[in-house]
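Working notes, structure below.
The values are calculated or read from the model by the stated rules, or taken from the named source; none is laboratory data. Note that this is a predicted model, so its numbers are computed, not measured. Cβ coordinates were reconstructed from backbone atoms using ideal geometry, including for glycine residues, and neighbour counts include every protein chain displayed.
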Amino acid sequence: MIALLMAHKEASAELLQHVQGFIYPNELNLLWSVLIVLYPYLTGLVAGAFIMASLERVFNVKSLKPIYRLSMLTSLAFLLVAPLPLLGHLGHPERCYEVMMTPHATSPMAIFGFVYAWYLMAVLLLELWFDYRKDFVEWSQTAAGWKRPLYSLLTLGVRDVSEKALRLDDKMGRIITIIGIPSAFLLHGYVGFIFGSVKANPWWGTVLMPIIFIFSAMVSGIALLMFLYLVTCWLRKVTVDMTCLETIGKCLLTALVVDFSVEALDWIHRLYVADESLDVLVLLASGKLYYSLFLVQMFLGMLVPALCLAAMIVYKEGWKRRQTAYFVCSLLVLIGILAMRWNVVIGGQLFSKSLRGFTTYKLELVGQEGLLMAILLVLLPFVIVSVMIWLFLPRAEMTGTTRAIDD
Amino acid sequence: MKSSQQSVSRRGVLSALGKLVAGAAALATARKVRAVTKQAVTTPAPAGYDPTKHQWRMALDVNKCIGCGSCADACKNENHVPRDPGYFRTWVERYIIKKAPHGSGEPCGETLVDSPNGSIGGFPPTLVPKSEILKAFHVPKLCNQCSNSPCDMACPVGATFRTPDGAVLVDPTYCIGCGFCVQACPYGCRFINPLSHTAEKCTFCYHRITRGLKPACAEVCPTGTRIFGDLKNAKPDDPLLQFYAKNRLQVLKPHLGTLPRVFYAGLDEEAR
């Protein structure tokens with residue numbers, strides 16, 4: 001215990017060297033680390049991916065059919081990982097269930113467990129089950145080896161594939177998607193509200209925060225699907241459906257423009273109202289956040305992909321080059337939104353609530369809240385989604401030839 | 001399988017789900033009741049103390065504070081706060097307001113603020129030449145025990161709670177250490193204890209005041225900057241009431257609507 005205290009004392013002494021101006025003494029150790037940056041990032045990807053799925057299902061955007069199931073599986077894989085960074089950050093993760101057992105009604109964070117459970121169980125799992133039930137029944141008869149009992153188990157014993165039953169499946173799926181859209185907005189809007197409700201922090205405490213979070217979620221979710229669709233097709237040597245890819249591109253551009261507009265509105269409002277926090281926020285943006293805000297988030301993550309996507313609506317030459325361009329755009333947007341989460345979460349803690357100075361954030365390489373853990377948590381949903389694609393999205397289905405599983 | 005059996009099976013699944021939800025709700029209610037009763041008894045107050053019969057307040061006379069840091073030191077001793085420059089339940093800030101450059105047309109120049117080690121051990125002499133200083137003063141800080149406390153609102157499990165006698169406390173056996181309260185406090189008064197991994201803050205020395213003692217900081221203050229009292233049991237000549245009567249009082253960051261229970265006399269607009 002003494003060693004731990006000594007280590008803390010040394011770390012604090014080192015941090016003190018990097019403090020600029022005056023900060024309240026308790027603000028020296030930046031509290032919400034890179035793991036809390038990942039939490040809204042992963043949740044945003046969940047919500048964004050689901051909204052893409054709903055475009056096909058509810059709004060009948062037929063060109064998006066090839067990515068409907070991919071969207072749903074992606075949403076589920078990322079949702080499964082989303083609470084892990086939160087758990088990793090808690091001082092007492094073993095007490096986490098108290099959030100659901102004795103939620104404090106006035107806390108925006110208390111709603112987490114319920115929104116999460118609702119989204120996982122009432123929306124994603126149910127919709128996937130209704131959508132896949134027919135295939136589970138089919139695959140449980142055709143698949144080989146251990147996959148057969150797995151698919152059989154996943155039917156939950158409901159093996160009726162009569163036309164009437166399938167109609168009901170479809171109807172239920174549609175109803176759940178309709179419920180799912182506001183749920184997706186709720187899921188990410190509430191994450192935005194956690195930050196937006198902090199009136200103590202002028203960088204976070206804006207009424208636009210939930211809106212910004214929802215649109216940035218859509219941007220990142222769409223980009224993720226573009227990325228995953230291309231990578232899956234390339235790895236499986238399946239022809240990319242260019243109509244589908246172009247529709248995703250248009251959706252991404254639209255979401256980017258709206259997201260940029262809302263964020264621009266936020267800045268215009270701040271600059272025009274010019275309250276007591278403006279000076280320190282301008283210093284923050286032009287100083288400690290300069291590269292991550294202007295270069296990565298705004299320029300590389302927003303402006304470059306937006307121009308590129310807009311250009312591709314006009315120029316339609318060379319499908320191979322276009323695929324590469326879409327791929328690069330999706331990667332840039334994914335990095336840009338990660339930078340946006342960093343700028344919100346870490347940026348909001350870099351300046352003092354006394355509005356007189358800045359502390360610093362030192363990202364450790366190893367440790368519970370280190371860089372390696374963060375990389376692991378970003379890669380984990382990709383591993384999960386790969387397994388899901390392998391199990392539930394057979395190659396044959398992507399080529400559109402047959403829905404039966406081929407092994 | 002026939003469709004009639006099918007619908008029964010589907011209904012069965014839904015009914016099982018319903019039972020699960022009902023069970024979880026019942027469990028949650030039971031735990032909530034337990035938490036509320038637990039909260040009522042898990043304060044450091046002695047048995048027999050009735051929080052409804054007291055109303056604690058602190059007032060600070062900024063003009064009297066000399067920045068000796070005895071309060072911050074006593075607080076760390078009394079409450080076992082880590083001896084580290086990043087963890088304080090109370091501290092003192094020094095404000096030095098420089099003269100405006102001649103002919104600038106401004107009433108005063110730059111404001112310099114510091115609080116080395118939270119003021120423990122006092123302040124080193126300033127590097128600003130005396131001739132350039134317009135005015136200087138010290139501002140002691142502590143949890144404002146807000147009536148409309150944002151930290152209490154933010155706590156997702158209700159580990160932070162307001163007592164009927166005017167304090168805001170944390171139940172360390174219940175806190176999950178999420179740090180949302182730390183973010184929600186506009187005054188920087190909270191921190192996550194590096195040993196217990198739970199949220200911590202000034203409690204007005206609740207274990208002392210409920211036994212008829214003053215908070216440690218007020219007890220050791222050599223100049224009487226910190227005036228502490230019980231408004232429900234104050235006689236007309238009570239120092240706190242006298243202080244209220246004789247001074248124009250302010251709270252920190254009033255625009256946030258937190259309704260602090262800690263008041264300041266002689267505060268400059270530069271103090272936040």
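Looking only at the range B:228-262, which residues are buried (at least 19 other Cβ atoms within 10 Å of the Cβ) and over 23 Å from residue B:186 (Cβ atoms)?
B:229, B:243
What tally of residues in the range B:119-149 results from selecting those that are over 20 Å from residue A:23 (Cα atoms), crowded, with 20+ Cβ neighbours inside 10 Å and either at pLDDT below 95 or within 14 Å of chain A (Cβ to nearest Cβ) (or both)? Walk me through it before giving the result.
If we filter the range B:119-149 for residues that are over 20 Å from residue A:23 (Cα atoms), which is where we start, we get B:129-135, B:145-149.
From what is left, the residues that are crowded, with 20+ Cβ neighbours inside 10 Å are B:145-146, B:149.
Then keep just the ones that are either at pLDDT below 95 or within 14 Å of chain A (Cβ to nearest Cβ) (or both); that gives B:146, B:149.
Going through the range B:119-149 one residue at a time, the tally reaches 2.
When you scan the range A:303-315, do you find a residue that is in a loop (DSSP other than H, G, I, E, B), without any contact (Cβ under 8 Å) to a residue 40 or more places away in the chain and not aliphatic (A, V, I, L, M), even just one? Break it down stepwise before answering.
Filtering the range A:303-315 for residues in a loop (DSSP other than H, G, I, E, B) gives A:315.
Now restrict to residues that are without any contact (Cβ under 8 Å) to a residue 40 or more places away in the chain: A:315.
If we keep only those that are not aliphatic (A, V, I, L, M) as well, we get A:315.
Checked against the condition, which is being in a loop (DSSP other than H, G, I, E, B), without any contact (Cβ under 8 Å) to a residue 40 or more places away in the chain and not aliphatic (A, V, I, L, M), the range A:303-315 yields at least one hit.
Read through the list (1) under 11 Å from the mean Cα position of the chain (by Cα); (2) free of Cβ contacts under 8 Å to residues at least 60 places away in the same chain; (3) over 30 Å from residue B:109 (Cα atoms), then give the number of the only condition that residue B:191 fails.
(2)
Could you grab me the full set of residues in the range B:208-227 that are out of contact with any Phe, Trp or Tyr (no Cβ under 7 Å at 6 or more places or on another chain) and crowded, with 16+ Cβ neighbours inside 10 Å? Talk me through it step by step, then tell me what you get.
Of the residues in the range B:208-227, the ones out of contact with any Phe, Trp or Tyr (no Cβ under 7 Å at 6 or more places or on another chain) are B:208, B:211-213, B:216-217, B:219-226.
Those that are out of contact with any Phe, Trp or Tyr (no Cβ under 7 Å at 6 or more places or on another chain) and crowded, with 16+ Cβ neighbours inside 10 Å: B:208, B:216, B:217, B:219, B:220, B:221, B:225, B:226.
Hey, can you tell me all the residues within the range A:266-275 that are in a helix (DSSP H, G or I) and out of contact with any helix residue (DSSP H, G or I) (no Cβ under 9 Å at 6 or more places or on another chain)?
Let us first name the residues in the range A:266-275 that are in a helix (DSSP H, G or I), namely A:266-273.
Hits for the range A:266-275 are A:268, A:269, A:272, A:273.
Check off (1) hydrophobic (A, V, I, L, M, F, W, C); (2) in contact with a His (Cβ under 9 Å, 6 or more places away or on another chain); (3) over 30 Å from residue B:30 (Cα atoms); (4) within 7 Å of another protein chain (Cβ to nearest Cβ) for residue A:16 and give me the number that stays unchecked.
The single condition residue A:16 does not satisfy is (2).
Would you point out the residue of the range A:273-311, among those that are surrounded by 19 or more Cβ atoms within 10 Å (Cβ to Cβ) and over 22 Å from the mean Cα position of the chain (by Cα), that is nearest to residue B:272 (Cα to Cα)?
Only one residue tops the list, namely A:280.
Return the residue satisfying two criteria in turn: it lies in the range B:194-241 and is hydrophobic (A, V, I, L, M, F, W, C) and assigned to a loop (DSSP other than H, G, I, E, B), and of such residues it is nearest to residue B:122 (Cα to Cα).
My answer is B:221.
For the range A:28-145, which helices (runs of 4 or more DSSP H) that fit wholly inside it have 1 or more residues that are closer than 25 Å to residue A:169 by Cβ and away from chain B (no Cβ under 14 Å)?
The helices (runs of 4 or more DSSP H) meeting that bar are A:34-57, A:68-81, A:126-142.
Of the residues in the range A:248-262, how many are touching a residue at least 60 places away in the same chain (Cβ under 8 Å) and surrounded by fewer than 20 Cβ atoms within 10 Å (Cβ to Cβ)?
Here the count works out to 1.
Quick one: in the range A:211-263, of everything that is in a helix (DSSP H, G or I) and of a type in the set (S, T, N, Q), which residue is farthest from residue A:304 (Cα to Cα)? Explain how you work it out, then say what you get.
Initial filter on the range A:211-263 (in a helix (DSSP H, G or I)): A:211-236, A:242-263.
With of a type in the set (S, T, N, Q) added as a condition, the list becomes A:216, A:220, A:232, A:243, A:247, A:254, A:261.
Working: A:216: 16, A:220: 15, A:232: 24, A:243: 22, A:247: 19, A:254: 14, A:261: 16 Å.
Among residues in the range A:211-263 that are in a helix (DSSP H, G or I) and of a type in the set (S, T, N, Q), the one farthest from residue A:304 (Cα to Cα) is A:232.
Given B:159, B:199, B:167, which one is in contact with a strand residue (DSSP E or B) (Cβ under 7 Å, 6 or more places away or on another chain), in contact (Cβ under 8 Å) with a residue 60 or more places away in the chain and buried (at least 23 other Cβ atoms within 10 Å of the Cβ)? Talk me through it step by step, then tell me what you get.
Values: B:159 fails: in contact (Cβ under 8 Å) with a residue 60 or more places away in the chain; B:199 fails: in contact (Cβ under 8 Å) with a residue 60 or more places away in the chain.
Being in contact with a strand residue (DSSP E or B) (Cβ under 7 Å, 6 or more places away or on another chain), in contact (Cβ under 8 Å) with a residue 60 or more places away in the chain and buried (at least 23 other Cβ atoms within 10 Å of the Cβ) holds for just one of B:159, B:199, B:167, which is B:167.
I need a count of the residues in the range A:152-171 that are within 10 Å of chain B (Cβ to nearest Cβ) and closer than 13 Å to residue A:128 by Cβ.
Total meeting the criteria: 1.
Suppose we keep only residues that are in contact with a Gly (Cβ under 8 Å, 6 or more places away or on another chain) and of a type in the set (A, V, I, L, M) within the range A:1-33. Which one would you say is farthest from residue A:229 (Cα to Cα)? If you could, list the steps in order and put the result at the bottom.
As a first pass, look at the range A:1-33 and keep what is in contact with a Gly (Cβ under 8 Å, 6 or more places away or on another chain): A:8, A:12, A:15, A:19-29, A:31-32.
Filter once more, keeping what is of a type in the set (A, V, I, L, M): A:15, A:19, A:23, A:28, A:31.
Details: A:15: 44, A:19: 45, A:23: 47, A:28: 44, A:31: 37 Å.
By that ranking, first place goes to A:23.
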